[in-house]
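Before any comments, here is the structure.
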Amino acid sequence: MEDSLSPAAKRQLDRFCRQFLQAQLDLDYPSAENLRQNNFQQAIYNNLFAEIAVQHATPARHQFRVLKGLIRRIEASIQDWDEEAISDDLMSSFSILFASNLPSEAASAQQKAYVTYSIASLPRSSDSVPTITLLEARNLVAASGTTGLRTWEAALHLGNYLSSNPNLVEGKSVLELGAGTGYVSVLCVKYLGATHILATDGSDDVVADLPTNFYLNALQDSSVIEARELKWGQVLMGGEQPEWNGGRKVDLVLGADVTYDARTNIALVATFGDLFEIFPDIQMIIAATIRNVKTFEAFVTICRTNKYRVEEIDWEIPKPELQEGPFYSDAVPIRLLRITKS
């Protein structure tokens, strides 16, 4: 069915499907010219709504909302009702959802759900783009005292950079600070060739959830990735911990959106100090969303006061209309920093 689509139509189909699976609220619906075509509608159904189309489906409320908008646009696109029609399969899927007991929008927003990110910058296997599936609460900014229940834009931007520069990770032992849902850690193991990943977070609830996301990416039996609680500012070695991380070397430290809270930045940089003491040659790559310029500048100042070299990496957020996955906003700047010991 998809083989009959033009390259331009296939790009629109792929973009729409990837945004849908990432549970985006604002999707780029295909053009009217494509939507009125039966083969294009069938391709959407086969990719998103057929019974075996998606292993880890987005929430039913999300499916209903998108199908409703899709059918409305298809109806508006039709020029000749004798020759064109709305797909019976799409209408059937919509009817089933309409008749089901859907949770309210508010209730659905509070629930964890599967989110599948497409990594378009990585080489494809056969005709499918590499993906990462996570169980997360995308609409919760903070719950149980943590912000680690969703994947933030800084993690997607850092992943974008690493995917385009896989040599930074390949063959390396990596530590992630503030791992949250584990997006960056999973990416490094699943696709970028890390020899070991230690995904850490200061929340025991977040750390307890990480094995679920490892499982969703077929990493549950892997000895290459593990999760551990690490609270910034606490001494890494000494007392009952004469050696850290089982004596395993760390080559690269990664952190996404770990600098947003001015109250924790001193503790974060103290952990940098412990890591540099144990592993003097490591480099750190930190992705920082600039919500507050003063907070970001204060973080950089703390690093330089501790005699760390801070260099900005030139890596811009792709314009939304050019993104092919993962999809994230360019409304707020995200800056990448390389931090090393002077």
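Just so you know, all these numbers are worked out from the coordinates, no wet-lab data involved. Bear in mind that the values here come from a model prediction, so they are computed numbers and not experimental data. Here the Cβ positions follow ideal geometry from the backbone for every residue, glycine too, while neighbour counts run over all protein chains shown.
Along its first, second and third principal axes, ordered by size, segment 114-341 spans 51, 40, 36 Å in Cα coordinates. Residue separation of R124 and R291 scaled by 0.36 nm, minus their Cα-Cα distance, works out to 56.7 nm of gained length. Hey, quick one: spin label on K112, modelled 7 Å out along Cα-Cβ, who in segment 176-197 has an amide N within reach, i.e. under 11 Å? Answer for segment 176-197: 181. Extending 7 Å from Cα along the Cβ direction at S222 and again at E316 yields two label points whose distance is 3.3 nm. Please report, to two decimal places, log10 I(q)/I(0) for segment 2-110 at q = 0.12, 0.16, 0.22 Å⁻¹ as given by the Debye formula with identical point scatterers on the Cα atoms and no solvent. For segment 2-110, the Cα-only Debye profile gives -0.40, -0.71, -1.32.
Normalised by the number of residues in segment 2-110, the mean separation of alpha-carbon contacts (under 8 Å, six or more apart) gives a relative contact order of 29 percent.
Expressed as a fraction of 2.2 N^0.38 Å, the value expected for a compact globular protein of N residues, the C-alpha radius of gyration of segment 84-205 is 1.33. In order along segment 111-125, the Karplus-derived 3J(HN,Hα) couplings, from 6.51 cos²θ - 1.76 cosθ + 1.60 at θ = phi - 60°, round to 8, 6, 8, 6, 10, 10, 9, 8, 10, 5, 7, 8, x, 7, 9 Hz, and Gly and Pro are given as x. When the alpha-carbon atoms of segment 260-342 are used, the pair Rg, Dmax equals 14.4, 44 angstrom. Between the amide H of I313 and those of L336, L337, R338, distances stay under 5 Å, these residues lying 5 or more places away or on another chain, with hydrogens modeled in the peptide plane. Once both labels are positioned 7 Å from their Cα atoms along Cα-to-Cβ, the gap between E84 and E33 label points is 1.2 nm. Among 180-186, 299-305, 209-215, sorting by the average number of other beta carbon atoms lying within 10 angstrom of each residue, highest first, gives 180-186, 209-215, 299-305. As a test, work out the antiparallel percent of DSSP beta bridges whose residues both lie in the chain, rounded to the nearest 5. DSSP beta bridges in the chain are roughly 55 percent antiparallel. Within the chain, the longest run free of exposed loop sites, counting GluC sites (Glu not before Pro) that sit outside DSSP helix and strand states (H, G, I, E, B) and have at most 14 other Cβ atoms within 10 Å, spans 84-169. With each label modelled as a point 7 angstrom along the Cα→C-beta vector, the S342-Q55 pair spans 4.9 nm. Extension gain, K68-E170: 0.36 nm per intervening residue step, less the Cα-Cα distance, totals 32.3 nm.
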